[in-house]
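Encoded as structure tokens, the structure appears first; notes follow it.
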């Protein structure tokens, strides 16, 4: 089981997890953004004003965040939260924190989905940096790994690193891809468009916030 922290969050705006990695447990980094009041019974944490998040050399422009999902209690490997109620239509962007082992989906300034993910092993690490969705394939199968199913694939690199549906379980890893629960992958696939931005960082201390 993975303990979610409603405040010490993914860049302090999405739930962070003390998650079991491939070789050891990671503690999430200290939150650089502070939320003033949190209603643990609510479905969404509203910030008093939009926070600008910058990622140094990873991304050239800041992302502004106004609200995040409130995920109290615990979340298991294979579980996810998705709630887009009341969030305006628009393009999404995706933030992956390998240290926290989380993937969060934002539509504009609002987080609409979050989950625990699998990432690459030491021999086949997941690359860090800024990527965009290059291609989508609903029923993709791997041409490199025994025709393995990779449902709802969002390809990020020319050599095949992708976000796709997986059986997410403790101590599991990938060949560099980002594996998320299949139902989460299905929702993400429906939202994502070619060109949508994906930021992959190692820990939340990579981000800085300003009002």
Least to most buried among 77, 64 (fewest other Cβ within 10 Å first): 64, 77
Sorted by Cβ density within 10 Å, fewest first, the residues 85, 162: 85, 162
Approximate spin-label separation residue 48-residue 79, in nm, with each point projected 7 Å along Cα-to-Cβ: 3.2 nm
Residue list for segment 89-133, given a label point 7 angstrom along the Cα-to-Cβ vector of residue 202 and an amide N cut-off under 18 Å: 96-102, 119-131
Exposure proxy ranking, count of Cβ atoms within 10 Å, fewest first, for 186, 138, 66: 138, 186, 66
Extension reserve of the residue 186-residue 157 stretch, reckoned as 0.36 nm per residue once the Cα distance is removed: 8.4 nm
Inter-label distance for residue 171 and residue 194, nm, one decimal - labels placed 7 Å from Cα along Cα-to-Cβ: 4.2 nm
Point-to-point label distance, residue 136-residue 58, nm (Cα→Cβ direction, 7 Å offset): 2.5 nm
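Just so you know, all these numbers are worked out from the coordinates, no wet-lab data involved. Worth saying up front: this structure is predicted, and the values here are computed from it rather than measured. Cβ: placed from backbone, ideal geometry, glycine included. Neighbour counts: every protein chain shown.
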